[in-house]
Structure formats: C-alpha cells, structure tokens
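The values are calculated or read from the model by the stated rules, or taken from the named source; none is laboratory data. A quick note: this is a predicted structure, and the numbers were derived from the prediction, not measured. Using ideal geometry, Cβ is built from the backbone for each residue, glycine included, and neighbour counts are taken over all protein chains shown. The area values use the complete protein model at the heavy-atom level, side chains included, leaving out ligands, DNA and RNA. Shrake-Rupley method; radii C 1.70, N 1.55, O 1.52, S 1.80 Å.
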Amino acid sequence: MERLEILGLPLDPVDMEEALKRIGGFLEEARTHQVVTLNPEMVVRAQEDEALRRAVLEAELITPDGVGILWAAKRLKGVALKERVTGVDLTLALFRRFPGLRVYLLGGKPGVAERAAREAERLGAEVVGAHHGYFQEEGPVVAEIQKKAPDLLLVGMGERQEAFIHRHKPHLGARVAIGVGGTLDVLAGEAKRAPLFAQRLGLEWLLRVGLDPKRWRRAPRLWRFAYLVLRERR
C-alpha cells in the first residue's frame with residue numbers, strides 16, 4: 001500500500017488489522033523495526049525537531065493516530081482512512097493477537113512500568129523487563145534492553161520516545177519498538193481512557209487536553225496543525 005505524505009512526513013494508510021499484519025511480519029525478522037503512531041502534535045514538532053523528523057522518515061511503519069491525521073489525509077490527499085491506530089489501541093491489539101509476546105516496558109515515573117507489567121501479563125504478554133523513563137544515562141538502559149532481546153519494546157517517554165528509539169535502533173535487540181505515549185500510565189491504572197463514545201468519535205485527545213491543565217500548553221500545536229493543513233491545501 002503506497003505511503004501518503006502529510007506536511008512532509010510519511011504516513012501508511014493502514015487500519016488496525018493491516019497494522020497488525022505488518023507488525024506480525026516484523027516479528028519474524030531479526031532486526032529492529034520502528035513503529036510510529038503519528039498524531040498532529042508530532043507533525044508540528046517535526047517541522048522544527050530534526051531528530052524527530054528523521055525518526056519518522058526512517059520508521060518502518062507510521063500509523064494514523066488522531067482524528068486530525070484522518071482529516072488531513074482526506075483534505076490533502078483525498079484518502080478516507082478507515083480508522084485511527086493509536087498507541088494504546090495498538091498495544092492492546094498486539095497482546096490479543098500474539099499471546100506470549102515477549103515485551104519490555106520503558107517509561108513513566110518510577111513504579112509505573114512495573115505496575116503496567118502486571119496488567120500486560122494479565123492480558124497475555126510475557127514481560128521480560130521494565131524500567132522507568134526518568135534516567136539520564138541512556139547506555140545502561142539500552143544495554144539492559146539488548147540483553148533481554150524482547151519481541152516488542154514499548155517506550156512511553158513523551159516527546160523523547162521516537163528519537164530515543166531511532167538513535168539506539170541498531171543496539172536495542174528488539175524486533176519491534178513503538179513509542180506509545182501514555183499507554184504505560186493507562187496499563188498501570190495511573191490514567192483512565194476517555195469514555196468509549198469519545199474514543200469512537202475521535203475526541204479522546206480533546207478530553208485529555210481539556211481535563212488536564214498540564215496539557216494546555218500543548219493545545220496551540222493542534223491549532224498550528226490545522227493552520228498548516230489549511231495553508232497546504234490552499
């Protein structure tokens with residue numbers, strides 16, 4: 001399936017089932033494949049953050065995470081994507097599709113990854129390691145991941161995650177590495193997902209921003225994304 005280009009970044013026009021099939025193929029190959037779940041905020045950041053931009057450009061799979069991405073694909077390319085493929089939904093779908101998947105969890109505050117690990121194991125994964133995201137020296141963390149050689153590395157480190165995966169990709173020893181944002185917080189019970197109706201309408205991001213004052217500073221990026229899409233269209 002031919003990739004689209006959204007404001008200078010690639011996007012694979014996949015739905016969840018197609019994404020799972022692609023990742024299933026990655027799991028059979030002895031190298032690390034980076035999966036990016038692309039959202040509007042990331043697109044805006046990548047206009048100025050070269051490390052992030054390079055990570056997205058060189059990722060093996062880029063899924064549409066966010067209703068804004070679906071809107072941009074339709075407006076700029078005339079392509080009606082079937083659905084969002086978000087970090088948390090993809091994570092849960094992978095646990096269901098591949099029982100016994102060997103997983104390493106990286107991110108969150110101290111203790112979060114360990115609590116997320118218990119939930120991941122309840123959902124059928126085999127967690128081979130967990131580490132919080134509040135570290136300064138990357139080398140020892142990368143070495144530990146490489147030693148465990150997981151099938152799947154889930155990285156929940158906010159704005160750092162994509163560049164971290166890309167920077168250390170040759171040395172991670174994982175078959176698949178995905179930046180999953182706040183997914184570890186959800187698994188650990190630290191954060192709750194929006195009601196199902198909001199998820200289905202693609203309004204989960206709006207509720208998260210509106211209800212969490214810490215996210216308010218990120219809202220201008222969403223308006224910036226809309227502006228860039230409309231300008232590109234003109």
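How many residues does segment 115-140 contain that are more than 19 Å from Leu94 (Cα to Cα) and surrounded by fewer than 18 Cβ atoms within 10 Å (Cβ to Cβ)? Before you say what the answer is, go through the steps one by one.
Of the residues in segment 115-140, the ones more than 19 Å from Leu94 (Cα to Cα) are 131-140.
Those left that are additionally surrounded by fewer than 18 Cβ atoms within 10 Å (Cβ to Cβ): 134-140.
Matching residues across segment 115-140 total 7.
Quick test for you: out of Glu232, Glu190, pick the one residue that is surrounded by fewer than 16 Cβ atoms within 10 Å (Cβ to Cβ), at pLDDT below 95, within 15 Å of Ala113 (Cβ to Cβ) and among the charged types (D, E, K, R).
Residue meeting the stated conditions: Glu190.
I need the full set of residues from segment 17-33 which are in a helix (DSSP H, G or I) and closer than 20 Å to Leu153 by Cβ, in order please. First the steps, then the outcome.
We begin by selecting, within segment 17-33, every residue in a helix (DSSP H, G or I); these are 17-26.
Ala19, Leu20, Lys21, Arg22, Ile23, Gly24, Gly25, Phe26, listed by residue number.
Does Val88 fit the bill of being out of contact with any strand residue (DSSP E or B) (no Cβ under 6 Å at 6 or more places or on another chain), touching a residue at least 24 places away in the same chain (Cβ under 8 Å), under 23 Å from His166 (Cα atoms) and open to solvent by less than 30 Å² (accessible area, probe 1.4 Å)? Please lay out each step first, then the result.
Values: out of contact with any strand residue (DSSP E or B) (no Cβ under 6 Å at 6 or more places or on another chain): yes; touching a residue at least 24 places away in the same chain (Cβ under 8 Å): yes; under 23 Å from His166 (Cα atoms): yes; open to solvent by less than 30 Å² (accessible area, probe 1.4 Å): yes.
So Val88 passes the test.
Select from segment 123-169 the residues that are among the polar types (S, T, N, Q) and assigned to a helix (DSSP H, G or I) and write down the one among them that is farthest from Ala51 (Cα to Cα).
Only one residue fits best here, namely Gln146.
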